[in-house]
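Visitor: Just dropping this structure here.
Just so it is clear, none of the values below were taken in a lab; they were calculated from the coordinates. Computed from a prediction, not measured in an experiment: that's the story for all the values here. Neighbour counts are summed over all protein chains in view; Cβ atoms, including those assigned to glycine, are modelled from backbone coordinates with ideal geometry.
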Amino acid sequence: MESQTIIKLENISKSFGSLAVLDGLNLEIKSGRFYVLLGENGSGKSTIIKLLMGQEIPDEGQGEMLGHSIHGNDLRNRQYIGHVSELIDYKVPIKMKEFVLRYKDFFENWDQALFDKLIKDRKIDLNRKFDQYSRGQRMQLALILAISIHPKLLLLDEITSVLDIYARKYFLNLFAELMKKGTTILLTTNIISEVQQHATHIVLIRNQKTEFNSSIEQLHQTFVKLRVPEGANPNILTSENCTWAGLNSDGSTGWIVPKYIAEKEEIPTEFIDRRKASLDDIFIYYFNFPAAQSEE
């Protein structure tokens, strides 16, 4: 089935006082894909999610989500959108068992069997009020509620840092399964290495705009990773297009360089790392330079 545009933002600008967070941002999200939204702290990732949810209003620009404008509080989409952020708080004075009985009535596609399974898997006791859970348990419960409505779109804002490593793996696997069934996922995170095993596309926000929106496979084909032993000093390391990417377990140094530069330089094969450039490597590359590097 051909992917359809499920989110489209055009020339979006947003400032908070004198601080410009987004400036003419354009973004298109296709259905049935798992997108990771990356950017430095303060780059506007969470603001994008808030704009989509109607929690913030853009200063300029327009956008659509699931065929409806993002402007105003359009409730027609809420049946089909699961939204969870690190600041989630239901602020209800009742036990969650009672809350769920009321909550599920708002969603026509609520899946009680799925909800029960996830609650059992994650060992969540519903005989508690929301504020009686740990931060990680609150996040897991919020995710389970969002998943159980069978959303067309999952908007997830910085949820991975709150979860322990086992919970992260559990839910990332679950997100990948949901994607295979047609759910579109847009996730903001700073824990990149675990996400790249499940995501299909990367959106990178830089200088208040979309730097790129690409499949992970395309990015892997765009960069070459180098593995330089201690004491070696190939000429490519002097190129402004080549950036340090960390130390390896064997003491060698990792570097990353655009493929077109590597091909021009004719780098000796002994310096080519057999591993693909990771998302961590690519993130380091883009934020190491004051301006994006482009092929001449």
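Visitor: Before anything else, pin down the relative contact order of the chain: Cα pairs under 8 Å, at least 6 apart, normalised by residue count, whole percent.
Guide: Taking the mean separation of contacting Cα pairs over the length of the chain, I get 19 percent.
Visitor: Ranked highest first by average number of other Cβ atoms within 10 Å, how do 152-159, 203-210 line up? Numbers along the way, then the final one.
Guide: On the way: 152-159: 21.8, 203-210: 19.5.
Top of the packing list down: 152-159, 203-210.
Visitor: Run the dipole for the chain about the Cα centre, Lys and Arg Cβ at +1, Asp and Glu Cβ at -1, nothing else charged, and hand back the magnitude in debye, nearest 20.
Guide: Values: 35 positive and 39 negative charges, 300 e Å.
So the dipole magnitude of the chain works out to roughly 1440 debye.
Visitor: So what is the relative contact order for the stretch 100-180, in percent, with contacts set as C-alpha pairs under 8 Å and at least six apart?
Guide: On the way: 37 pairs, mean separation 26.8, N = 81.
Rounded, it is 33 percent for the stretch 100-180.
Visitor: Could you tally the net charge around R227, taking each other residue with its Cβ under 9 Å from the Cβ of R227, Lys/Arg +1 and Asp/Glu -1? Don't skip to the end; give the middle numbers.
Guide: Numbers: positive: K225, R274, R275; negative: D250, E270, D273.
Neighbour charge sum, excluding R227 itself: 0.
Visitor: Most mobile of K30, K181, K50 per a Gaussian network model of the chain (Cα springs, under 10 Å)?
Guide: Ranking K30, K181, K50 by mean-square fluctuation puts K181 first.
Visitor: Provide the gained length on full extension for the span E64 to S214, in nm with one decimal, where the gain is 0.36 nm per separating residue minus the Cα-Cα distance. Don't jump to the answer; show the numbers that get you there.
Guide: Working: separation 150, 0.36 × 150 = 54.00 nm, distance 2.02 nm.
Length difference between fully extended and current span is 52.0 nm.
Visitor: Something else: At 7 Å along the Cα-to-beta-carbon direction for both N235 and I272, put a label point, then send me their distance in nm to one decimal.
Guide: Result: 1.8 nm between the two label points.
Visitor: Could you check what % of the DSSP bridge pairs in the chain are antiparallel, to the nearest 5?
Guide: On the way: 33 of 51 bridges.
Antiparallel: roughly 65 percent of the beta bridges in the chain.
Visitor: Just how far, in whole angstrom, is the stretch 212-231 from the stretch 16-43 if you go by their alpha carbon centroids?
Guide: After rounding, the separation between the Cα centres reads 23 Å.
Visitor: Count the DSSP beta bridges whose two residues both fall in the stretch 143-296, then state the antiparallel fraction as a percent rounded to the nearest 5.
Guide: Details: 17 of 22 bridges.
If we restrict to bridges inside the stretch 143-296, about 75 percent are antiparallel.
Visitor: Here is a further query. Within a Cβ distance under 10 Å of T200, other residues only, what is the Lys/Arg minus Asp/Glu net charge? It would help to have the intermediate numbers written out before the result.
Guide: Working: positive: K30, R33; negative: E217.
Combined, the nearby Lys, Arg, Asp and Glu give +1.
Visitor: Moving on to the next point. Please find, in a Gaussian network model of the chain (springs between Cα atoms separated by less than 10 Å), the residue of G251, G17, G67 whose mean-square fluctuation is greatest.
Guide: For the chain, modelled as a Gaussian network with Cα springs under 10 Å, the answer is G17.
Visitor: Taking 0.36 nm per intervening residue step and subtracting the Cα-Cα distance, what contour gain separates E98 from T222 on full extension? If you can, show how the numbers build up before the last one.
Guide: Numbers: separation 124, 0.36 × 124 = 44.64 nm, distance 5.16 nm.
Stretched fully, the E98-T222 segment lengthens by 39.5 nm.
Visitor: Please give, to one decimal in nm, the separation of the simple spin-label points placed at L174 and N26, each 7 Å out from Cα toward the Cβ.
Guide: Modelled inter-label distance: 3.7 nm.
Visitor: Next question, about the same structure. Treating only the Cβ atoms of Lys and Arg (+1) and Asp and Glu (-1) as charged, compute the dipole magnitude of the stretch 53-118 about its Cα centre; round to the nearest 20 debye. Don't skip to the end; give the middle numbers.
Guide: Numbers: 8 positive and 12 negative charges, 100 e Å.
In debye, rounded to 20, the stretch 53-118 gives about 480.
Visitor: If you don't mind, there's one more thing I want to ask. Counting other beta carbons within 10 Å of each Cβ, put H83, H68 in order, fewest first. Don't skip to the end; give the middle numbers.
Guide: On the way: H83 19, H68 13.
Neighbour counts put them in this order, fewest first: H68, H83.
Visitor: Take the alpha carbon gyration tensor of the chain, find the square roots of its eigenvalues, order them as a ≥ b ≥ c, and report rounded if a/c is under 1.5; if not, report prolate when a/b exceeds b/c, else oblate.
Guide: Taking the square roots of the gyration eigenvalues as a ≥ b ≥ c, the chain is prolate.
Visitor: Could you identify which residue out of S134, S46, S148 has the top mean-square fluctuation in a GNM of the chain using Cα springs shorter than 10 Å?
Guide: S134
Visitor: From the helices alone, meaning DSSP H stretches of at least four residues, give me the mean residue ellipticity at 222 nm for the chain, per-run term -39500 (n - 2.57), in deg cm²/dmol to the nearest 500. Provide the component values of the computation, followed by the final result.
Guide: Details: 9 runs with 81 residues, N = 296.
Per the formula, -7500 deg cm²/dmol.
Visitor: Another question, then. Take every Cα pair under 8 Å in the stretch 23-80 that's 6+ residues apart, average their separations, divide by the length, and report that relative contact order as a whole percent.
Guide: Values: 29 pairs, mean separation 11.4, N = 58.
It comes to 20 percent, rounded to a whole number.
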